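Throughout, read-outs are computed from the coordinates displayed, never taken from laboratory work. Only a predicted model underlies this, so the values are computations on that prediction, with no experimental measurement involved. For neighbour counting, all protein chains shown are included, and Cβ atoms are generated from backbone atoms with ideal geometry for every residue, glycine included.
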Amino acid sequence: MFFVANLALSAFADTILIVGDSLSAAYGMPVEKGWVRLLQRRLADDEYPHTIVNASVSGDTTANALNRLPQAMTRHQPAIVVLELGGNDGLRGLSLAEMKRNLAAMIEIARQQDAEVLLIGVQLPPNYGPRYTEAFQAVYHDLAQEYGLSLLPSLVDGVGTRTDLMQADGIHPNSEAQPLIVARVWEQLRPLIDGIERQAR
């Protein structure tokens, strides 16, 4: 499902494309309470003209998202692509090598269209064991280093271990956690936006 904020689209250069899974698709809550919608409000409050297109789909793996990305890039021509993916790969125990290849391909697609990329990782439940979870987390760090990307290692850091901020499934943050998530994303996203604006002057 695509959400385009109700703001004037003065230029494609003002578009931020978010490609994620249920963590970015406001799973289990009204869409307006999800972190993506709250981020759009933050942009407006700080007088940034950018419009967010939320191309997040609950249940998506990196393979699914990779298949969808070229069309989304052509349609929206974003200046920034935010990738928040991998959780469903990890929860299903899919190949981490394949997950890394899929994310790398998405980064390259975005770069080929001159879009900046913010990579956002996720954390797996501890019952997956330290060997797998550490290798899973390393995928994000390796890609960020290889491509020189801005990285938020975990969307749910500081949230996932607090039962008062999680839904009953223990996987998805609740609505009370969303403002905290926005603050963490904004720390990484704002420098990218400001950097693009400086280059445009």
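Some notes on this structure:
- Antiparallel DSSP beta bridges within region 62-186, percent to nearest 5: 10
- Top positive-direction residue, dipole computed over the chain with Cβ charges, set LEU180, GLN199, ALA79: ALA79
- Cα gyration tensor category, rounded, prolate or oblate, for region 91-159 with a/c compared to 1.5: prolate
- The chain, dipole about Cα centre (Lys/Arg Cβ +1, Asp/Glu Cβ -1), debye to the nearest 20: 200
- Where labels lie 7 Å past Cα in the beta-carbon direction, separation of LEU91 and ALA138 in nm: 2.5
- Placing +1 on each Lys and Arg Cβ and -1 on each Asp and Glu Cβ, with no other charges, gives region 95-201 a dipole about its Cα centre of roughly 100 debye.
- Annotation: extensible slack from LYS33 through ARG198 equals 56.3 nm (criterion: 0.36 nm per residue apart, minus Cα-Cα distance).
- The helix-only estimate of mean residue ellipticity at 222 nm for the chain, built from DSSP H runs of length n ≥ 4 each weighted as -39500 (n - 2.57), is -14500 deg cm²/dmol after division by the residue total.
- Dipole of region 12-200 computed with +1 at Lys/Arg Cβ and -1 at Asp/Glu Cβ about the Cα centre; of PRO49, LEU39, GLY170, farthest Cα towards the positive end is GLY170.
- Residue-count net charge about ALA63 - beta-carbon cut-off 9 Å; Lys, Arg +1, Asp, Glu -1: -3
- Cβ crowding within 10 Å, taken as a proxy for footprinting-reagent exposure, orders MET106, MET99, MET166 from fewest neighbours to most as MET166, MET99, MET106.
- Placing a label point 7 Å from the Cα of THR74 along the Cα-to-Cβ direction, the residues of region 96-135 whose backbone N falls under 17 Å of that point are 106, 109-114.
- Over the Cα atoms of region 12-200, the radius of gyration divided by the Kirkwood radius equals 0.94; this is the Rg/Rh ratio.
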